[in-house]
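Colleague: Take a look at the following structure, please.
The values are calculated or read from the model by the stated rules, or taken from the named source; none is laboratory data. A quick note: this is a predicted structure, and the numbers were derived from the prediction, not measured. Surface areas here come from the heavy atoms of the whole protein model, side chains and all, with no ligands, DNA or RNA. Shrake-Rupley method; radii C 1.70, N 1.55, O 1.52, S 1.80 Å.
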Amino acid sequence: MARTTTSDARKKDTREKIELGGLIVKAGLRYEKRALLLGALIELRQRLKADEMERTRLMAVGAEAFGKADE
């Protein structure tokens with residue numbers, strides 16, 4: 001039973017990482033250097049902590065991008 005739980009957790013973790021990678025591709029950043037992507041994400045985290053309006057703005061941008069993908 002413990003193996004199944006561990007296996008399920010690993011599968012869930014793998015699936016989440018694949019989905020997050022897909023977001024990088026969807027944003028058009030597939031060919032950017034990994035260091036640049038990590039730096040951008042770290043800076044974004046800092047901005048989001050400091051500015052709730054920025055979080056709201058970026059949520060709207062992302063929601064619009066997801067909406068356009070369905071068309």
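Colleague: If you go through the range 21-33 one residue at a time, do you hit one that is of a type in the set (D, E, K, R), under 20 Å from Gly62 (Cα atoms), open to solvent by 60 Å² or more (accessible area, probe 1.4 Å) and within 14 Å of the chain's Cα centre (by Cα)?
Modeller: Here is the first cut: in the range 21-33, the residues of a type in the set (D, E, K, R) are 26, 30, 32-33.
Narrowing the set further to residues that are under 20 Å from Gly62 (Cα atoms) leaves 26, 30, 32.
Subsequent filtering for residues that are open to solvent by 60 Å² or more (accessible area, probe 1.4 Å) retains 26, 30, 32.
Imposing the further condition that a residue be within 14 Å of the chain's Cα centre (by Cα) reduces the set to 26, 30.
Within the range 21-33 (the criterion being of a type in the set (D, E, K, R), under 20 Å from Gly62 (Cα atoms), open to solvent by 60 Å² or more (accessible area, probe 1.4 Å) and within 14 Å of the chain's Cα centre (by Cα)), the answer is yes, since at least one residue qualifies.
Colleague: Given the conditions (1) open to solvent by less than 100 Å² (accessible area, probe 1.4 Å); (2) in a helix (DSSP H, G or I); (3) modelled with pLDDT of 95 or more, report the number of the one that Ile18 does not fulfil.
Modeller: For Ile18, the exception is condition (1).
Colleague: Now for a separate question. Considering only the range 21-71, state which residues are among the small types (Gly, Ala, Ser) and in a loop (DSSP other than H, G, I, E, B). Can you show your working first?
Modeller: Of the residues in the range 21-71, the ones among the small types (Gly, Ala, Ser) are 21-22, 27-28, 35, 39-40, 50, 60, 62-63, 65, 67, 69.
Passing the criteria: Ala27, Gly28.
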